[in-house]
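Laboratory data are not the source of any read-out in this text; all were calculated from the coordinates shown. It should be emphasised that the depicted structure is a prediction, and the values quoted were computed from it without experimental measurement. Here Cβ is always computed from backbone atoms with ideal geometry, including for glycine, and neighbour counts include all displayed protein chains.
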Amino acid sequence: MPAIERFAKYLSENRLKMTRERRAILADVLSVRGHFDVDDLLARLRRSGHHVSRATLYRTLPRLVESGLIHKVEMVDGQARYELMIGRHHHDHMVCLRCGTILEFESPEVERIQEDVCRRKKFVMTGHTHQIRGYCVSCAGDDRARALDSRGSNVAGRSRAGAGGARAGGRTGP
Ligand SMILES: [Zn+2]
Ligand SMILES: [Zn+2]
Ligand SMILES: [Zn+2]
């Protein structure tokens, strides 16, 4: 089902209308690659001549998430980033607490364990968001350097495991 129909179906099921603003937001979201935030979206909408308020955007994004068209990644500062899920496989995220880099990963083992845990609790899982917080390889390096500076000793942080198979989910913006 095309995204616009899927969103229209979701809206009508929730007694909401496909307004011009909602249509413009969806059209814009469909053109983005990678993870984006509200400011990115707002800037692009304004550039393309759409006068969508921040408030409308904040109200519409959760609708797009609920409809399954986009996915939300919680950031440390309380901000969120979003990404289009159309044509994408399920994946989970690692978020760097310092620079905000988002790494994506897919782990059949992690998925299987979550399913097993739910089965044991007789919990019917309809979806999940699995997110790991920490430091990316360059920021983890900074931590070690700072630890050495401040303590003047060789108490270095444990070396962080490489994000095997993870791809950098770059920020898509101007
Ligand atoms: Zn997962
Ligand atoms: Zn980082
Ligand atoms: Zn992602």
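Quick notes on this one:
- Order of SER107, SER31 - criterion: other Cβ atoms within 10 Å of each residue's Cβ, fewest first: SER31, SER107
- With both labels modelled 7 Å from their Cα along Cα-to-Cβ, the SER53 to VAL76 distance reads 3.4 nm.
- Net charge of neighbours whose Cβ lies under 13 Å from the Cβ of GLY127, counting Lys and Arg as +1 and Asp and Glu as -1: -3
- Residues ARG46 and MET125, FRET efficiency given R0 of 25 Å [Cβ-Cβ distance, rounded to 0.05]: 0.05
- Ordered by the number of other Cβ atoms lying within 10 Å of each residue's own Cβ, fewest first, PHE7, PHE36, PHE105, PHE123 fall into the sequence PHE123, PHE105, PHE36, PHE7.
- The simple Förster model, with R0 at 45 Å and r as the Cβ-Cβ distance, assigns LYS17 and VAL137 a FRET efficiency of 0.45.
- Computed lengthening from GLU109 to ASP39, 0.36 nm per intervening residue step minus Cα-Cα distance: 21.7 nm
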